[in-house]
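Everything on this sheet refers to the single structure shown next.
What follows draws every value from the coordinates through simple rules; no lab data is involved. Everything quoted here is computed from the prediction, not taken from an experiment. With ideal geometry, Cβ positions are generated from the backbone for all residues, glycine too; neighbour counts draw on all protein chains shown.
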Protein chains: 4
Amino acid sequence: MGSFRGHALPGTFFLVAGIWWTVKYSIWHATRRNKGIGSTRLASRASQRRLEIIESSVILFFSLVGMLAEQFGSGGPKLQLYDFVEKHWDHLHSWHHATMYLFFGLFATVSLIIHTTEAAPLALDRLMLAIAFFNEGFLFLYHLHGRSMLDVHVHLLLLYAVFGETLVAFLEIFHRGNIILELLRCTLTVVQGTWFWEVGFVLYPPRGPEWDLKDPNNMMFITMCYSWHLAFAMLIVSVLYCIVSCAVHSRLKKTPPVEMGLLKARERDPESEDELMSRIRSKAHRCGN
Amino acid sequence: MGSFRGHALPGTFFLVAGIWWTVKYSIWHATRRNKGIGSTRLASRASQRRLEIIESSVILFFSLVGMLAEQFGSGGPKLQLYDFVEKHWDHLHSWHHATMYLFFGLFATVSLIIHTTEAAPLALDRLMLAIAFFNEGFLFLYHLHGRSMLDVHVHLLLLYAVFGETLVAFLEIFHRGNIILELLRCTLTVVQGTWFWEVGFVLYPPRGPEWDLKDPNNMMFITMCYSWHLAFAMLIVSVLYCIVSCAVHSRLKKTPPVEMGLLKARERDPESEDELMSRIRSKAHRCGN
Amino acid sequence: MGSFRGHALPGTFFLVAGIWWTVKYSIWHATRRNKGIGSTRLASRASQRRLEIIESSVILFFSLVGMLAEQFGSGGPKLQLYDFVEKHWDHLHSWHHATMYLFFGLFATVSLIIHTTEAAPLALDRLMLAIAFFNEGFLFLYHLHGRSMLDVHVHLLLLYAVFGETLVAFLEIFHRGNIILELLRCTLTVVQGTWFWEVGFVLYPPRGPEWDLKDPNNMMFITMCYSWHLAFAMLIVSVLYCIVSCAVHSRLKKTPPVEMGLLKARERDPESEDELMSRIRSKAHRCGN
Amino acid sequence: MGSFRGHALPGTFFLVAGIWWTVKYSIWHATRRNKGIGSTRLASRASQRRLEIIESSVILFFSLVGMLAEQFGSGGPKLQLYDFVEKHWDHLHSWHHATMYLFFGLFATVSLIIHTTEAAPLALDRLMLAIAFFNEGFLFLYHLHGRSMLDVHVHLLLLYAVFGETLVAFLEIFHRGNIILELLRCTLTVVQGTWFWEVGFVLYPPRGPEWDLKDPNNMMFITMCYSWHLAFAMLIVSVLYCIVSCAVHSRLKKTPPVEMGLLKARERDPESEDELMSRIRSKAHRCGN
């Protein structure tokens, strides 16, 4: 992974994940708000479930690909952990990265089980996501031994987003469906994605001169860059949210409300009282102002 | 910003903001408590919204002025980020400060959008405020490289207020309209305001002798000063709260309750059930004692 | 305060406060649980309020005494902050201690205002208590410059109790009347009290040999002592809670339930719906097991 | 405890505790979910209470055994704290370990009292558990003075699980019966158990060569091991949860629903409204997706 491509790949992955999550949660939030004008067609529980299953499968697939690439790519350990000839651990960096992918794979597996069967409580997927992000940050933290100042700094900055996502995903166990927390998680995922690209450009510049890794001015500049990435991520998430909201709103208006009765009868599920509860709660959040 | 004026200006800004917020939340809380004696006239949802829009516009305006002043003021970078002649980053401190203003500008923009349209969830303004404060603290943290002991110390003390406000604003996402949290945020904003002035006086004394920036006794004194600033801010916020409460109370008593029925019919909004909910919750908080 | 007596006095104060709070909250909790058998006589809202007023007055009185003693006691600064002759800050330690007392005085003042008038929201007293403890810990933190290892260590251990109390008091803003949090706060207050005594014995042994302040073994022993103090405080609080519970229970049984109707009619207050709410909530906490 | 056996014993204890808790909470969660098909027989309140009493007694017994073994085992201090001949503290490590066991003993005692009598609020057992774990971590933290790098590192890694459990147990005071938090606590307990074994193997290898305690590569490898232990613990807890869920489900189906009416009449307790509340809440958590 010590290359430009090695940082651009996970960066792209997180960027796509962040954008996809923004679109998904925006659609669900918009349809929930417009409940009563035939929204069930766009975001029925069944279609939500199908979407979650597809998403989990894709994440699981890429986790497996990531693990295999780390192991069997050029310079990978090929499942060999200890070099008995030279008596030292072999390719620990690749093993670290494979372990990170492993936990995202576990998250995807559990999410798949939750949404295909009724075996496990729903909130478990957020706990698994929190653990996956925590594990990523935890391994990064003990990954930086003996590197130069700027190298350590750019990786430590990444931890703000990673541990931020851990916290947000953990809070979502108790506040599932809170659009604020969901959008915050999306934003931090986008930040992670673009920051991986930035790290690649700084440490392995594909063209142009090398960066001086010991200059404190570079460190101050890079810190400010992180703020800009955050602002940029907020912009992307906001624009996506607005586009999706408008699209859902205009589409729902066209749907003749006559269909609703039919759909409702067919798709009404035993959990409808939750929704009432959640709507009361989310409204209660708006009050006091 | 490395001057007395450079600290006095943001100090004044935060001081005014803290005082204004105290007045605003005190009025709203007082009218909510006196509900039933014609309070709707003083704090109807429509007038609240108008107030929020004016406030956001003012913050947005000053953020833009701040950014322009940092860029084009004397000794500013004039939008030039890299000095290609001498091959180093140009005026990074000014860029840092402009970035801080940028995030407060983003907060104001989002707040403006929330209160003029129905596009975004209400709690988003608190999240943006939390992010703006977090960003301010985050940049300060990596801003202090190579300064003298007391200089670092006075800036670190500022971070207690800044990160405290981040936490409080984040909690307000879940506990919107909680007067305790609102007054705590006001207090910390006033502390920030007066502390900026204090920093100006210590680092760039307008008259009198320079401070010895390496004396541990000065550090101990400054720490105690911070406590005094906090006590002073608590005093200001308390006095304002009491004055506003009394004023609202005495004014509402004069309003003939006959009007109420008319107003209620006209201004009742679809969110009235939230208020019931919030009043039950806030009452539940008072119990157990 | 750099003496055995200077540590024994605040220690006694916190010890008494912790024991008193345990008794108070135990009585209230016991009467709440036995509601329906004439408990209103023991813990009516009016008598609770009277108790709070007395408590606040006592705390306010001792804070004032503490401040005056620090200022005008032997070796105190006598309100002089700066020694203009020798050009240094005068008696900063005494000023620090006086500032700590000041914040407990502010807490008592606000509590007095809350319980004598209806001016401020009830939860404000917990916020003021949290701020008072925070300020104590904050000043201690910057108080230890240049002391020997064990001296620093015993003061840092104190901060676990102090910041623990800050957190608990802050949580009580949202969970007022939660007996678990209240007892935890009582326990930590007792720990603070006994630990002040311990610090006095270690740093200024009234008889016997001096401690070696640089021996790591002493540090390990002192750390374990802290655990023992915690266990001891838990024991005291538990025993007090049991005694009070039994006493209240046996006394309420003797009260003829006939009186109840009369009392209820007279003392029923407009907040009775809160109590219902809180009882539902506290019951909900017991479920799931 | 400075031996392989000294780490394997507590490791086994935590491993067994983690597995037992997983089984217990899985059974209770499964029966709660299947309410309405005769589940009361498997998990009535009375049988739950009996189970808690047995569990607490076992923990209390092992805590006492642990304390006695630390004191009177070979090389133990035999209740002697200070060696007056050589003038130093005696066997402080054994005393530390005995103190850790003491707090788990206190937890068990309180839990016993709560479930045999009605004296104390139910949530107190989670607070005591949180304090027991906190105390374990707290003593470990000041236990590592002067050890070699890898020795310190493996003990610090343990603290992630220990303080994680502290946090989760503390959260359970407010969210009792939340299956996600319960399973997370189980997972962390299993991690603690297996990690104690790992520490034993690394520091006191029963056969094979010694580890180089100063090699940074070993540190990186050990960090990754911790992630693997976490993944392994998650696997164990998941598999147990699934087995128990299926077993309960299949067994409840066989029970003829005719009995239910009889059981319900006999076992209905005054807290049935809590359960309604908790079911509404737990359902509300599932919504929004």
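Residue of chain C with the Cβ closest to the rotation axis carrying C onto A, and that distance rounded to whole Å: C:F174, 7.
If you sort the three axes of the alpha carbon gyration tensor as a ≥ b ≥ c, you get a/c of 1.5 or more for region B:117-186 and a/b no higher than b/c, which makes it oblate. Expressed as a fraction of 2.2 N^0.38 Å, the C-alpha radius of gyration for region C:1-111 is 1.47. For the pair A:H145 and A:K214, the difference between a 0.36 nm per residue extended length and the Cα-Cα distance amounts to 23.3 nm. Take C:S47, move 7 Å from Cα toward the beta carbon, and the resulting point lies 4.5, 4.5, 6.3 nm from the same point in each other copy, nearest first.
Taking neighbour counts of Cβ atoms within 10 Å as a proxy for exposure, in what order, fewest first, do C:D90, B:D212 appear?
B:D212, C:D90
Counts of other chain beta carbons within 10 angstrom of each beta carbon in peptide D:122-134 average 3. Listed values for region D:89-94 are Karplus-derived 3J(HN,Hα) couplings in whole Hz (6.51 cos²θ - 1.76 cosθ + 1.60, θ = phi - 60°), namely 5, 9, 6, 4, 4, 5, and x replaces Gly and Pro. With the label put 7 angstrom out from Cα along the Cα-to-Cβ vector, B:T109 ends up 4.4, 4.4, 6.2 nm from the copy partners, going from closest to farthest.
Could you check how many percent of all C-alpha pairs in region D:107-259 are farther apart than 22 Å?
55
In region A:23-179, Cα pairs under 8 Å separated by at least six residues give a relative contact order of 20 percent. The packing ranking, built from the mean of other Cβ atoms within 10 Å per residue, places the peptides D:16-24, C:172-180 in the order C:172-180, D:16-24, highest first. Rounded, prolate or oblate for region D:42-191? Axes are the square roots of the Cα gyration tensor eigenvalues, ordered a ≥ b ≥ c, and the cut-off for rounded is a/c under 1.5. In terms of gyration-tensor shape, oblate.
Spin-label pair A:E118-D:Y204: with each label point 7 Å from Cα along the Cα-Cβ axis, the two points sit 5.1 nm from one another.
Counting beta carbons within 10 Å around each of B:Y101, D:Y142, C:Y82 and listing the fewest first gives the order C:Y82, D:Y142, B:Y101. A Förster radius of 41 Å, combined with the Cβ-Cβ distance separating A:L159 from A:R49, puts the computed FRET efficiency at roughly 0.75. For the peptide D:227-235, the mean number of other protein chain Cβ atoms found within 10 angstrom of a residue's Cβ is 4. Pull out a ≥ b ≥ c, the square roots of the eigenvalues of the alpha-carbon gyration tensor of region B:138-220, then state rounded if a/c is under 1.5, prolate if not and a/b is larger than b/c, and oblate in the remaining case. The shape class here is prolate. The separation of region C:57-104 from region C:118-167, counted between C-alpha centres, amounts to 18 Å. Computed over the Cα atoms of region D:53-96, pair by distinct pair, the Kirkwood hydrodynamic radius stands at 11.6 angstrom. Partner shielding of C:5-18 amounts to 0, given as the average count of beta-carbon atoms from other chains within 10 Å of each residue beta-carbon.
Sorted shortest first, the distances from the B:L64 label point to those of the same residue in the other copies are 5.4, 5.5, 7.7 nm; each point sits 7 Å from Cα along Cα-to-Cβ. Note: relative contact order over region C:150-248, using C-alpha pairs below 8 Å and six or more positions apart, is 36 percent.
Annotation: amide H-H contacts under 5 Å for D:H88 (H modelled 1.01 Å from N, sequence separation of 5 or more, or interchain): D:D83.
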